[in-house]
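*Asks:* Please read through the structure below; I'll follow up with questions.
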Amino acid sequence: VRWMMYWIVFALFMAMETITDLLISWFPFYYEMKMAFVLWLLSPYTRGASLLYRKFVHPTLSSKEKEIDSYIIQTKERGYQAMVSFGKRGLNLAATAAVQAATKSQGALAGRLRSFSMQDLRSLPDQT
């Protein structure tokens, strides 16, 4: 549980870090403070990640649980519909390619068979 809290808080920190790096990376000792914050999160003595998770993250997630669940259901349905749509497209493309290949090879086969006229067959030596 402790590691779960740490990784959730750390992921939120990393998401915020992309914005703060652009805006305040010029601030003196910014990178040193960032490193100290990560050590504070990770330390078993300070339990910074547990503190932040219990004070901020968990109450926020609990209050928005129904919204999160509905988004998950919508995303699952959209993902299923997208997979069905891409599957149909893929099968249509494969069927079209197979039909085109069959028609091209049938034309080539017919051309070869036409070249074997009876006169060509008579000119072959008899090996019986």
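*Asks:* Got a sec to turn the phi values of region 12-23 into Karplus ³J(HN,Hα) couplings, 6.51 cos²θ - 1.76 cosθ + 1.60 with θ = phi - 60°, whole Hz, x for Gly and Pro?
*Replies:* So the J values, rounded to whole Hz, are 5, 4, 5, 5, 6, 5, 4, 7, 5, 4, 6, 8.
*Asks:* I'd like the Karplus ³J(HN,Hα) series for region 31-43: coefficients 6.51, -1.76, 1.60, θ = phi - 60°, whole numbers in Hz, and an x wherever there's a Gly or Pro.
*Replies:* 5, 5, 5, 5, 5, 5, 5, 5, 5, 5, 4, 7, 5
*Asks:* So how far apart, in nm, are the two label points at Glu77 and Glu65 if each is 7 Å from Cα heading toward Cβ?
*Replies:* Going from the Glu77 label point to the Glu65 one covers 2.2 nm.
*Asks:* In the full protein assembly as shown, how much of Arg2 is accessible to a 1.4 Å probe, in Å² to the nearest 10?
*Replies:* 100
*Asks:* Once you charge only the Cβ atoms, +1 for Lys and Arg and -1 for Asp and Glu, what is the size of the charge dipole of region 6-102 about its Cα centre, to the nearest 20 debye?
*Replies:* Details: 10 positive and 7 negative charges, 57 e Å.
For region 6-102, the charge dipole is close to 280 debye.
*Asks:* Roughly how much of Met4 is accessible, in Å² to the nearest 10, using a 1.4 Å probe?
*Replies:* 90
The values are calculated or read from the model by the stated rules, or taken from the named source; none is laboratory data. No experiment lies behind these values; they were computed from the predicted model shown. Neighbour counts run over all protein chains shown; Cβ positions are idealised from the backbone, glycine included. The accessibility values were calculated without ligands, DNA or RNA, using every heavy atom of the protein model including side chains. Shrake-Rupley method; radii C 1.70, N 1.55, O 1.52, S 1.80 Å.
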